[in-house]
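Asks: Structure in structure tokens, see below.
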Protein chains: 4
Amino acid sequence: MSSSSIGQRFVFTSFGESHGRCIGAVVDGCPAGLELEEKDIQKMLDLRKPGQSIIATQRKEEDKVEILSGVFRGYTTGAPIAMIIWNTDQRSHDYDNLTLKPRPGHSDYPAYIKYKGLNDFRGSGRFSGRLTATFVMAGAIARKLLEKTLKIETYSYTCQVANVKMKDQATTKMKNFIYKNEVRCPDQKIAEKMRATILAARRNGDSVGGVIESITTNIPVGLGEPIFGSLESDLSKALFSIPAVKGIEFGSGFHGSTIHGSENNDEYIMKNDKVVTKTNNSGGILGGLSTGMPLVLRVAFKPASSIAKKQKTIDLRTKKPTSLIVQGRHDPCVVPRAPPIVDSLVSVVLADHAIRAGLISPVIR
Amino acid sequence: MSSSSIGQRFVFTSFGESHGRCIGAVVDGCPAGLELEEKDIQKMLDLRKPGQSIIATQRKEEDKVEILSGVFRGYTTGAPIAMIIWNTDQRSHDYDNLTLKPRPGHSDYPAYIKYKGLNDFRGSGRFSGRLTATFVMAGAIARKLLEKTLKIETYSYTCQVANVKMKDQATTKMKNFIYKNEVRCPDQKIAEKMRATILAARRNGDSVGGVIESITTNIPVGLGEPIFGSLESDLSKALFSIPAVKGIEFGSGFHGSTIHGSENNDEYIMKNDKVVTKTNNSGGILGGLSTGMPLVLRVAFKPASSIAKKQKTIDLRTKKPTSLIVQGRHDPCVVPRAPPIVDSLVSVVLADHAIRAGLISPVIR
Amino acid sequence: MSSSSIGQRFVFTSFGESHGRCIGAVVDGCPAGLELEEKDIQKMLDLRKPGQSIIATQRKEEDKVEILSGVFRGYTTGAPIAMIIWNTDQRSHDYDNLTLKPRPGHSDYPAYIKYKGLNDFRGSGRFSGRLTATFVMAGAIARKLLEKTLKIETYSYTCQVANVKMKDQATTKMKNFIYKNEVRCPDQKIAEKMRATILAARRNGDSVGGVIESITTNIPVGLGEPIFGSLESDLSKALFSIPAVKGIEFGSGFHGSTIHGSENNDEYIMKNDKVVTKTNNSGGILGGLSTGMPLVLRVAFKPASSIAKKQKTIDLRTKKPTSLIVQGRHDPCVVPRAPPIVDSLVSVVLADHAIRAGLISPVIR
Amino acid sequence: MSSSSIGQRFVFTSFGESHGRCIGAVVDGCPAGLELEEKDIQKMLDLRKPGQSIIATQRKEEDKVEILSGVFRGYTTGAPIAMIIWNTDQRSHDYDNLTLKPRPGHSDYPAYIKYKGLNDFRGSGRFSGRLTATFVMAGAIARKLLEKTLKIETYSYTCQVANVKMKDQATTKMKNFIYKNEVRCPDQKIAEKMRATILAARRNGDSVGGVIESITTNIPVGLGEPIFGSLESDLSKALFSIPAVKGIEFGSGFHGSTIHGSENNDEYIMKNDKVVTKTNNSGGILGGLSTGMPLVLRVAFKPASSIAKKQKTIDLRTKKPTSLIVQGRHDPCVVPRAPPIVDSLVSVVLADHAIRAGLISPVIR
């Protein structure tokens, strides 16, 4: 299988480079009969755009998606859905001098060695965060499919920026407030502090990282497979493909490993005639299978690697020490752009598993 | 692809159940020409056995591996290597009453719903920690292959039990001390505290979790693929298949998301005529590719779900609340058994990527 | 994916060597709830055994299958079903001198070069026809699954031996006569001529080939996928894995390419309130999808490579011409053993596609 | 894996529909460093175009390929190579009345049932022969890669149209004459007869089929894998994805099953210090592995389904018998367009296997 593809039945393939002609996605295995038009995808892509505020890069991609195949008379046909975004704002000269002076924290050095200098390094090429737009193209379809067929809903939000963090998980109600601010945090007070933290980093020519929390409700019990098809396995594989992600945890996660079994185990109770658990330390997954409780996961993003400070590096031709200041347009914090990306990959993985489990049929109309 | 398989070129398939006739592994894609005998695998399996001390379960599996195919005259042949361990100590009556009273923290409930009661639930069946022995069978081969061909070395150890944690990463020298104690912590003083913590939990009929840290040296630069073939993606997919794992981080991980880019970026320097980084906050991976620095990852284990305390649950037939005390043989902490399992899965993933990258040929003699 | 595996949802992995300890199969993805015991598989394996007559080899493998996992209380569990046959009658000395004098028509030479002499060459090792017993293990399960859930039935028979051929396709009634003779031809008169042909070849120390025809009824309309998931693609991939197969055709096949479109097209008519075609030149497949008409395919087997006549070859060490007479136990014609093998692989492919199409659910009870 | 994809390391994904916006291909896993520009692909696409003569359809697609990604400064980068052809000449009204009156010999009926009428049926949509242009896009790259790195050369030609057939296999010299005539037969006299046969069919509103023979030289010994990775398995899987293909044979194929082992076995001899076989009845494959002799295969095409004669069918709405005359632009024989398609798929499969075997490295410059 191509390392640009993910999924077994709902298969998503990503192509394109940051500063090439376009970026694109092919989704194969989407059931026939899903109502789909470009604006379903565009809407979610737009959430990934940085706000007008100072927080984000000033790169002005329109990121207008076009559907090239797989949709006929307004419905998916069961054939591969190819989608594309033409790259319009390519300022590659910003990056030209970087090839032989690898930027700390970027893929430059290992990519240079791996491809012997042949890779398209402009704007990090294939390794660019820009490719996450292709995740959103596929994710918008998966998400709509899950909502239509199983009423599964995913919402992700910034729960931490540097050391500023939300105390509790967002409630279902709070999901409507996520996009009310530019950091995508549903708690407006914390959001303001996060914003200040990002601005401070920016002023210092520095960057900060953070954490995205993602919650998915209404997953039927028993999605996932034992061993290598566990939901945790497949979700983490997908999510670690986002550049800058360095950690993932489910439910009580790393904290759970500090407490006792009697505290961490989720006891079963009846609620509205349904078997549920009193707590949800498992994050909705036991034995790799969904429990019917909300899926809860957190994704740690490192601080953006591109900073305006001078950094030490090596000139790969001369093997001599040198230094660089990363030019170009950079976000001091990539976390606020991540919620729709996390939503997307979670949806892609769940759609695949729902089809594998026979819960969504090949033709849904 | 089967959800019991992992890998593209070095493909490992796991089969068997905790209390069935056997557990087994098939490894396909191992290059021909690797010297291999049963004791290469047995040695690593033995490291997974709990010590004689009070720490672990008293289940006394011999866990004696047999190679069934793929080895001829002492060398691998390029054909699938099937391996088996016969289950000898099956006390399934211990578990018989559990089917309809799902144990909190276990796969019982979602598995029951998914398989409509048809799954082999004895000893958790396919979801049992016992299946990790099959990971070690495959891992022992992968590890030997990596050592022989690329001198890659992996060592994993318990760096945290509940709130007792090592301050620093273990040095290369310390790896010889990992198996000097039953908790598999290379710092003997910390190890003693961890042991005390586990014993205390045990006395209370409770359990504790912890964290495994894993370090791999000598990985060539450029292993891994962009997007869905990133090392982080494939390593996490493999590692989240270990029961009880709820979090994974690479390098500075979750902590990294609290600091600045200028602190977290690893600057390049020359050392012994090699390009290296001054720090290793990336954990040896940038852009999904190996940097040549040590691979550093941490795996969070929840406290063992099987505890001797009374817990609330639901009788699935009557839908009435009930309670249970989990009978049988249980570890108060599974973490000390995990280092060879983590070593194994890391090796399986790296072997696969090394073959994909053309760094190990199909015939190595 | 391992080249020892086939299928996407019903995944079959084959392991073992002709003269190693065992041969085996792992089937993953079989739905839970299929009643299954060893004799279901044994029955079909026994059909693959050569008759007591002079036709076949005198190798006396018992070929007794054991189920190792995936079945609990008489039903499949959804977990991988591992099966094994221990090799009991290994006369490897017969083959020892062959390594460096490659037998014409066998895999010896390319295998020797590919594996640099490391492959288990005894009895052709991994390339032996003996491995087709693993196809039957998997096939027996697939076949039972298809019968139980969709009433799909497959029957295959010898329709040609050398130049002796049946004039017409066997009718459904005739399928009961297939195993009434040792050549597995449902037309008893033709069968007798085939037998004479085989005996004549045997007397001359020579061998003959032939053709298997396979018919499958009751396939629902629309199984298969466009492009690379066409039924023809997946069936041929499976069937060409049988040693000695050198040609495959569907419906009118090679003959169809000599006639006109107006003759070859199958017109639609109504019959018993069902849309059917008047003729079935398509062999039940159009556009890679099943049409609801019987699947008809033919598989061409070359004459067995092992013959008692002296043949020219090269000594690979000295690069000098030499000659050899193949010793050991050989069938003068392998075709009569092939019907259950063809049945098996057809069933494996159809089971995979039926699951992919959502026609068989993950739990069937 | 998507059923629109093929290959393990050199992975080709096809998308698009006959009368949609475009057709396209994504090739992932092509090594970095291959010199590649659009005209390399265009050249091969042009060979697929029908001649100006009466033989072929008058559909005038320009079929101009554009490379969208994966090539930088004239060389492949190792990233996915996306390619596209915009559909410009869409006369879909020709097909509009066909949906509910399935054309005999076409995918209409099973596709309608499978997709419940949701598939894009215009011009057969996803089932159209037009999609074979995407095979050529991928194939042109694979072919260039194989020539550059291993000097492997493939040539395919029409060896039979209806009952007009070449007596012998084309010699290496003859390959230069393949494209000298519109039927793509290297024997000019036979070509003229084939042309007459096609014209005669056309005059009668009918169609004819034929056979393509394909020869590949310079394949290293040992390409392919045992069991399901046999060259025959992977080649046939690829080739049966061409619409209208109903049979495939290698070497002596179906004829081989009528002769004796002593005639069919290829004896080994030395020639120019190389081990070769005197004859090549195996078609260059033994045990699924390449022998170093030329790969020889034949692909049977049924007569084109679209004919101008009135045919019986069923109105799917009323379930009443009706009849139709297929309107639109149709080739009376598709075989002359097939040689570059067969070349392409053979190249795609061999490139994948050569990479899997470690014979082509991930970076070739």
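Every number here is computed from the coordinates shown, using simple stated rules; none is lab data. Everything numeric in this text was worked out from a predicted model, so none of it was measured. As a convention, Cβ positions derive from the backbone with ideal geometry for all residues, glycine included, and neighbour counts pool all protein chains shown.
Asks: log₁₀ I(q)/I(0) of region B:211-318 at q = 0.14, 0.20, 0.21 Å⁻¹, via Debye over equal Cα point scatterers, no solvent, to two decimals?
Replies: Result of the Debye calculation: -0.65, -1.09, -1.18.
Asks: Every other copy gets compared here: list the nm distances from the D:ASP40 label point (7 Å along Cα to Cβ) to its counterparts, shortest first, one decimal.
Replies: Inter-copy label distances (nm, one decimal, shortest first): 3.8, 3.9, 5.2.
Asks: Quick check: net charge around B:LYS165, other residues with Cβ under 12 Å of its Cβ, Lys/Arg +1 and Asp/Glu -1?
Replies: Details: positive: B:LYS167, B:LYS193, B:ARG298; negative: B:ASP168, B:ASP187, B:GLU213.
Spelling it out: positives minus negatives among the neighbours equals 0.
Asks: Can I ask one more? Pull up the DSSP beta bridges for region C:10-356 and report the antiparallel fraction as a percent, rounded to 5.
Replies: On the way: 51 of 51 bridges.
Percentage antiparallel, nearest 5: 100.
Asks: With a 10 Å Cβ neighbour count serving as the proxy for reagent exposure, in which order, fewest first, do C:HIS353, A:HIS19 appear? Don't jump to the answer; show the numbers that get you there.
Replies: Working: C:HIS353 27, A:HIS19 21.
Lowest to highest Cβ neighbour count: A:HIS19, C:HIS353.
Asks: OK, next. Can you give the average number of partner chain beta-carbon atoms within 10 Å of each beta-carbon in peptide D:269-281, as a whole number?
Replies: Numbers: counts 4, 4, 0, 0, 1, 2, 8, 1, 7, 2, 1, 0, 5.
Counting other chains' Cβ atoms within 10 Å and averaging over D:269-281 gives 3.
Asks: Moving on to the next point. Taking C:LYS309 as the anchor, which aspartates and glutamates have their alpha carbon closer than 18 Å to its alpha carbon, excluding any fewer than eight residues away along the same chain?
Replies: C:ASP94, C:ASP108, C:ASP206, C:ASP331, D:GLU263, D:ASP266, D:GLU267
Asks: Looking at region B:5-356, I'd like the Rg to Rh ratio, where Rg is from alpha-carbon atoms and Rh is Kirkwood's inverse mean 1/r. Please list the in-between numbers first.
Replies: Working: Rg = 20.8 Å, Rh = 21.3 Å.
That ratio equals 0.98.
Asks: Let me ask another. Pairs to check: C:LYS116/D:LYS274; C:LYS39/D:LYS246; D:LYS43/D:LYS278; A:LYS310/B:LYS167. Give those whose C-alpha atoms are more than 25 Å from each other in this structure.
Replies: Values: C:LYS116/D:LYS274 16 Å; C:LYS39/D:LYS246 37 Å; D:LYS43/D:LYS278 36 Å; A:LYS310/B:LYS167 31 Å.
Too far apart for the 25 Å limit: C:LYS39/D:LYS246; D:LYS43/D:LYS278; A:LYS310/B:LYS167.
Asks: Using the Cα gyration tensor of region D:110-167, with a ≥ b ≥ c the square roots of its eigenvalues, what is the shape: rounded (a/c below 1.5), prolate (a/b larger than b/c) or oblate (neither)?
Replies: Numbers: a/c = 4.19, a/b = 1.54, b/c = 2.72.
It comes out oblate by the Cα gyration axes.
Asks: Taking each residue of A:308-321 in turn, how many C-beta atoms of other protein chains fall within 10 Å of its C-beta, and what is the average? Can you show the working numbers first?
Replies: Values: counts 2, 4, 1, 6, 6, 6, 8, 1, 2, 0, 0, 4, 1, 4.
Per-residue shielding by partner chains comes out at 3.
Asks: Per residue of D:194-204, how many C-beta atoms from partner chains lie within 10 Å of its own C-beta, taken as a mean?
Replies: Average neighbour count from other chains, rounded to a whole number: 1.
Asks: Now a separate question. Which of the aspartates and glutamates could be linked to A:LYS180 by a straight reach, that is with a Cα gap under 18 Å, when you skip same-chain ones fewer than 8 residues away?
Replies: A:ASP46, A:GLU192, A:GLU213, A:ASP343
Asks: Which value, to two decimals, describes the C-alpha radius of gyration of the protein assembly as shown once divided by 2.2 N^0.38 Å?
Replies: Details: Rg = 31.2 Å, N = 1460, 2.2 N^0.38 = 35.1 Å.
That works out to 0.89 for the protein assembly as shown.
Asks: Further question: To make sure I understand the rule: partners must be aspartates and glutamates, Cα under 15 Å from the Cα of D:LYS193, and not fewer than 8 residues away in the same chain. Which ones qualify?
Replies: Cα-Cα hits under 15 Å: D:GLU182.
Asks: To confirm my reading of the symmetry, which residue of chain C has the Cβ nearest the axis that brings C onto A, and what whole-Å distance does it have?
Replies: C:GLY358, 3
Asks: What is the fewest-to-most order of A:MET270, B:MET174, C:MET83 by other Cβ atoms lying within 10 Å of their Cβ?
Replies: Numbers: A:MET270 12, B:MET174 18, C:MET83 26.
Ordered from fewest to most neighbouring Cβ atoms within 10 Å, A:MET270, B:MET174, C:MET83 come out as A:MET270, B:MET174, C:MET83.
Asks: Another question, then. Please give the calculated 222 nm ellipticity per residue for the protein assembly as shown, where each DSSP H segment of at least 4 residues contributes -39500 (n - 2.57) and the sum is spread over every residue; nearest 500 deg cm²/dmol? Spell out each step's value before the answer.
Replies: Working: 32 runs with 356 residues, N = 1460.
Result for the protein assembly as shown: -7500 deg cm²/dmol, rounded to the nearest 500.
Asks: Percent of Cα-Cα pairs more than 17 Å apart in region A:274-365, please.
Replies: Numbers: 2967 of 4186 pairs.
In whole percent, the long-distance tail amounts to 71.
Asks: Please give me the summed charge of the neighbours of A:ASN218: other residues whose Cβ is under 14 Å from its Cβ, Lys and Arg +1, Asp and Glu -1.
Replies: Summing Lys/Arg as +1 and Asp/Glu as -1 gives +3.
Asks: Where the label is 7 Å out from Cα toward Cβ, how close does D:THR217 come to the same position in every other copy, in nm, shortest first?
Replies: Here the equivalent label points are 5.2, 5.4, 7.0 nm apart from this one.
Asks: Could you pull the copy-to-copy label distances for A:LYS312, with points set 7 Å along Cα to Cβ, in nm to one decimal and sorted shortest first?
Replies: 5.9, 7.2, 8.7
Asks: Hey, could you grab the Kirkwood Rh for region C:104-238? Inverse mean 1/r over distinct alpha carbon pairs, Å, one decimal. Before the final figure, lay out each step's value.
Replies: Details: mean 1/r = 0.0557 Å⁻¹.
Hydrodynamic radius (Kirkwood, Cα only) of region C:104-238 equals 18.0 Å.
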